[in-house]
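The values are calculated or read from the model by the stated rules, or taken from the named source; none is laboratory data. Quick caveat, the model's predicted, so the values are computed rather than measured. Cβ placement follows ideal geometry from the backbone for every residue including glycine, while neighbour counts extend to all protein chains displayed.
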Amino acid sequence: MNDLKINLSRDLVFFDVETTGLNVIRDRIVQIALVKLFKNGQPAEELSMLINPGIPISEESMQIHGITPKDLANKPVFAQVAQKIWDFIGDADLGGYNSNRFDVPMLMEEFARVGKELDISKRRLIDVQRIFYKMEPRTLKAAYRLYCQQELEDAHDALADVRATLDVFKGQIRAYEGKDLLDESGNIVPAPIKNDIQALHDFTNDLNFLDATQKLRVQPDGVVVFNFGKYMGQPVKEVLKKERNYGAWIQEKEFSSQVKQIIRQMMKELNT
């Protein structure tokens, strides 16, 4: 660990959670790890535990963190460890990676279910991802500087922007072609960037969703399920077969034309 001494006026707890899914309301924590830095300079303390969520773990989440129901069968539920986690955190500030949007609200929900209110109004929150994104901006101007080693003039003029985007695209191919990728799960993806449009399409699109608004999700077994509403997680074709009116309802409501087109095609297939 880096030996930089962090200036603290209050204890600071960095933490991370692994969960059954990505919905902070419906999903549950299956693993939590915390590292506590003390303002008085004493050695850091660590706490890590597996937690039985009491609900199923999504296939997508298991593929990411590798924690299975079997791993959690004899582990405590959150209510049994809540006090230990609560005491460990104490009145410390909180930090993590993407923690403001995910880990903190997820932990707040877990505590709320056991009658504890994790008050963040009096705590300072440090999100390392936000530091990263703000200091390394993901703008066209920043990309042009990185891949083309030039400053982008006339930014936000449409023609200048599209020319710059094409230059960045060429620079990315030059920079990454032939280089392996270590993905978020720790797997090596052999040279995903190629001077090949199909390969780049596959790389830049989230193949877990059929539409840009992420209303229709593709499970690992290839089955398309709803990613919203009362039928969330249920196979689209099975729902449309049982409730034809639901497909018509989607056509009338404010869903994207892409979603409507996919639903129309599925309904057509069911009628043939």
Handout entry: Unmet requirement for Val104, which otherwise passes all of (1) buried (at least 17 other Cβ atoms within 10 Å of the Cβ); (2) assigned by TED's automatic domain parsing to the domain that holds Leu166; (3) in contact with a Gly (Cβ under 8 Å, 6 or more places away or on another chain)
Key = (2)
Handout entry: Options Val13, Val35; residue that is touching a helix residue (DSSP H, G or I) at 6+ places or on another chain (Cβ under 7 Å), over 16 Å from Phe78 (Cβ atoms) and not basic (Lys, Arg)
Key = Val13
Problem - Lone unmet requirement of (1) modelled with pLDDT of 90 or more; (2) β-branched (Val, Ile, Thr); (3) out of contact with any Pro (no Cβ under 6 Å at 6 or more places or on another chain) for Val189 - result: (1)
Exercise for the section: Could you list all residues from region 182-201 that are surrounded by 12 or more Cβ atoms within 10 Å (Cβ to Cβ) and part of a helix (DSSP H, G or I)? Expected result: Ala199, Leu200
Practice task
Mind telling me which of the residues Gly41, Gly21, Gly54, Gly66 ends up being modelled with pLDDT of 95 or more, over 18 Å from Leu125 (Cβ atoms) and either under 25 Å from the mean Cα position of the chain (by Cα) or not basic (Lys, Arg) (or both)?
Solution key: Gly54
Practice task
Please list, ordered by first then second residue, the pairs with beta carbon atoms under 7 Å, 6 or more apart or interchain, first in region 43-62 and free of Cβ contacts under 8 Å to residues at least 12 places away in the same chain, second not hydrophobic (A, V, I, L, M, F, W, C).
Solution key: Ala44/Lys36; Met62/Thr68
Exercise for the section: Could you tell me whether region 118-128 includes any residue that is surrounded by 13 or more Cβ atoms within 10 Å (Cβ to Cβ), part of a loop (DSSP other than H, G, I, E, B), among the hydrophobic types (A, V, I, L, M, F, W, C) and in contact with a Phe, Trp or Tyr (Cβ under 9 Å, 6 or more places away or on another chain)? Expected result: yes
Fill in the blank from the handout: Given (1) closer than 29 Å to Val224 by Cβ; (2) of a type in the set (Asp, Glu); (3) crowded, with 17+ Cβ neighbours inside 10 Å, Asp93 misses just (1)
Handout entry: Answer residue from region 150-177, given it is surrounded by fewer than 10 Cβ atoms within 10 Å (Cβ to Cβ) and in a loop (DSSP other than H, G, I, E, B) and is farthest from the chain's Cα centre (by Cα) among those
Key = Glu151
Completion exercise
Exactly one of Asn227, Asn245 is modelled with pLDDT of 90 or more, loosely packed, with under 11 Cβ neighbours inside 10 Å and farther than 30 Å from Ile173 by Cα, and that residue is Asn245
Fill in the blank from the handout: Filtering region 202-214 for residues that are surrounded by 11 or more Cβ atoms within 10 Å (Cβ to Cβ), part of a loop (DSSP other than H, G, I, E, B) and free of Cβ contacts under 8 Å to residues at least 60 places away in the same chain leaves a count of 5
